[in-house]
Amino acid sequence: MLNRLLMVKASLLLIVLAKAFSINSPAYAQIIQTNPQQPESFQERMRQQQEERNQETWLRLNLQEPRLVQQQIIQQQQFTRQQQELIRQQRFRLQQEQTRLQQQQFTQQQQLRIQQQQLRQDQQIRQQQQLRLQEQIRQQQLRQQNNNL
């Protein structure tokens, strides 16, 4: 990429220098001096205009192409950064969801423990009530026996 850019710049420099040397050359000056009054033919003017357009097109393409490549690289980097940011956000959401599920599971376990503890307490209370009832029945039977005697 860098080598290509350097080659384009070197080519442009050579074209500019060649153009400058050809304009400043004694042969060119002689042509101008010997034919100052000679009108250019229509075909010659068209050929020169076409040549100028070709040079402008070549310069524009070779100057703009590196910029376009650089813009494409920048756009690709931006796209990559956006993708990485989306991936980071997705991971963050997944972590949040995992944390929420873990908290939910912990809460359910806590509720289960509390329910089990309440069940045990209820069982103990029933057992105690049953024991009291049995004791009351036994006491009543004893009283009755004592009354019968």
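Brief remarks on what is shown
- Top-ranked residue of the stretch 14-32 - restricted to ones that are among the β-branched types (Val, Ile, Thr) and closer than 22 Å to Asn3 by Cα, ranked as modelled with the highest pLDDT: Ile15
- Of the residues examined, Leu112 is one that is out of contact with any Gly (no Cβ under 8 Å at 6 or more places or on another chain), surrounded by 10 or more Cβ atoms within 10 Å (Cβ to Cβ) and at pLDDT 95 or above.
- Taken together, Glu51, Glu85, Glu56 contain a single residue that is out of contact with any Pro (no Cβ under 8 Å at 6 or more places or on another chain), surrounded by 10 or more Cβ atoms within 10 Å (Cβ to Cβ), acidic (Asp, Glu) and farther than 30 Å from Leu12 by Cβ, which is Glu85.
- Looking across the stretch 33-48, the residues that are at pLDDT 70 or above and open to solvent by 100 Å² or more (accessible area, probe 1.4 Å) come down to Phe42, Gln43, Arg45, Arg47.
- Among the residues making up the stretch 80-134, a single one is of a type in the set (Phe, Trp, Tyr) and over 19 Å from the mean Cα position of the chain (by Cα): Phe106.
The values are calculated or read from the model by the stated rules, or taken from the named source; none is laboratory data. Values in this document were obtained by computation on a predicted structure and should not be read as measured data. FYI the Cβ positions are ideal-geometry reconstructions off the backbone, even for glycines, and counts take in every protein chain you see. Surface areas here come from the heavy atoms of the whole protein model, side chains and all, with no ligands, DNA or RNA. Shrake-Rupley method; radii C 1.70, N 1.55, O 1.52, S 1.80 Å.
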